[in-house]
Each structure stands twice: as structure tokens, then as C-alpha cells.
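Down below is the structure, laid out as C-alpha cells.
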């Protein structure tokens, strides 16, 4: 399911951009993998925290392509990434920056922001948060002694501007929820809703 969501996200981005130079050319997005499943012996005992790593997925699609035409590309990339030492190189990279203290951290992010602002480009991001287990949150006692229930879980994505766009997916009690967050101005509500409509259209 994760690969299907990545594919739908990618095709929707091409559709909303409507740029002829995109068709048949390599285009990239960022997605994530949960390191708790890979590097912890008992991930269920890990307290709630972000232990995900981002990695790049580069795909190409011809004009009018549908999900079936790119899903093999997606699966090949995610399978190869997960078979390797996913996340360890990035951890060492950031540890090296942090070893230089706050001056090194500030210089790194200033350089990154400068490149985003000068080019106007940044990878869009898709993160699958996985399955939320009701047992992780329930039971919760109410005021009168009755037990409270959860109807749904909505996990608001980070609003990242300049030049960022993040979509998340999560599953709770068998229902998939796709969400995004954005700033009015850099993005318009109509454009974001049209984009989400494209995602829905590409999903099987």
C-alpha cells in the first residue's frame, strides 16, 4: 500500500504542475521509513518519537501515465532502500554536523535555506505514518466512569514553507486517511483541493 500511495502522490504532483518538461524526465520526491522497525529489538516499547529517516525517490512518467505504469519503479526503489543500511549514513552525516556545535548547525541550515530560496525548488514529501493501534491509546476513563472511545485520528502534517509541501497517510481501524497542511498565500485552497482530488483519482 505504501508504494501505491507514493505512486499516486508522484502522479498527482506531475498533474498539478502541468509542465511538459516533466514528462519522461526524472523527478524526485522525499518519503520516509520508520527506523524503529529496523534498528530496535522491541519497537513497541519505544516511546512516541520521530525516528524516521527521509530518502529520495526518483521516478519518471510519460504524459497520461497511470499508476500501473510507474508502480514497478516505485517498488524497485523502496525494496532496494529497505534492503540496505537505511538511515545509518544520514545519522552519521547529522552527527558530524552537530559535532561542530551550534555554529556548524546554523551554517548548514542557512546554506540549505539559501539554496531553496535562490532556486525555488524543494522536494515534496510524502510520509506514511502507518497503522495506529487503538490499544496504544485506549482505554481512557471518562468523568463519570464510562470509557471514552476514539472515532478517528488526524495527524496534522508539518506546514513547511518556503518551498515545501508535505502529505501524510495513516490508517486507523481499517480506514486510510490522507492529509496535508499548507499556508494560504504560497498555496491556494483550490489548488491543494485539486491536488488531493488527483491523488484520490490515481488510487485504485
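The values are calculated or read from the model by the stated rules, or taken from the named source; none is laboratory data. As the structure is a prediction and not an experimental result, all values here were calculated from the model. Cβ atoms come from the backbone with ideal geometry, glycine included; neighbour counts cover every protein chain shown.
Points to keep in mind about this one:
- Selection status of residue 24, part of a loop (DSSP other than H, G, I, E, B), at pLDDT 75 or above, surrounded by 11 or more Cβ atoms within 10 Å (Cβ to Cβ) and over 21 Å from the mean Cα position of the chain (by Cα): yes
- In the stretch 74-88, the qualifying residues are those that are in contact with a strand residue (DSSP E or B) (Cβ under 8 Å, 6 or more places away or on another chain) and outside any helix (DSSP H, G or I), and the one that is surrounded by the most Cβ atoms within 10 Å (Cβ to Cβ) is 87.
- Residue that is nearest to residue 117 (Cα to Cα) [pool: residues in the stretch 182-204 that are surrounded by 15 or more Cβ atoms within 10 Å (Cβ to Cβ) and touching a helix residue (DSSP H, G or I) at 6+ places or on another chain (Cβ under 7 Å)]: 182
- Of the numbered criteria (1) under 27 Å from residue 59 (Cα atoms); (2) surrounded by 13 or more Cβ atoms within 10 Å (Cβ to Cβ); (3) free of Cβ contacts under 8 Å to residues at least 12 places away in the same chain, the one residue 126 fails is (3).
- Qualifying positions in the stretch 129-149 - in contact with a strand residue (DSSP E or B) (Cβ under 7 Å, 6 or more places away or on another chain) and without any contact (Cβ under 8 Å) to a residue 60 or more places away in the chain: 129, 131, 132, 139, 140, 141, 142, 147, 148
- Looking only at residues in the stretch 129-143 that are surrounded by 11 or more Cβ atoms within 10 Å (Cβ to Cβ) and in a strand (DSSP E or B), the one that is nearest to the chain's Cα centre (by Cα) is 129.
- For the stretch 111-123, residues that are in a loop (DSSP other than H, G, I, E, B) and surrounded by 13 or more Cβ atoms within 10 Å (Cβ to Cβ) total 2.
Table: residues versus (1) at pLDDT below 90; (2) out of contact with any helix residue (DSSP H, G or I) (no Cβ under 7 Å at 6 or more places or on another chain); (3) at negative phi; (4) assigned to a helix (DSSP H, G or I).
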residue: 16; (1), (2), (3), (4): no, no, yes, yes
residue: 30; (1), (2), (3), (4): yes, yes, yes, no
residue: 41; (1), (2), (3), (4): yes, yes, yes, no
residue: 57; (1), (2), (3), (4): no, no, yes, no
residue: 71; (1), (2), (3), (4): no, no, yes, yes
residue: 90; (1), (2), (3), (4): yes, yes, yes, yes
residue: 93; (1), (2), (3), (4): yes, yes, yes, yes
residue: 104; (1), (2), (3), (4): no, no, yes, yes
residue: 109; (1), (2), (3), (4): yes, yes, yes, yes
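- On inspection, residue 35 passes the criterion of being surrounded by 14 or more Cβ atoms within 10 Å (Cβ to Cβ) and at pLDDT below 80.
- Residues in the stretch 150-181 that are out of contact with any strand residue (DSSP E or B) (no Cβ under 8 Å at 6 or more places or on another chain), exposed (fewer than 12 other Cβ atoms within 10 Å of the Cβ) and either at pLDDT 85 or above or outside any loop (DSSP other than H, G, I, E, B) (or both): 151, 174, 175.
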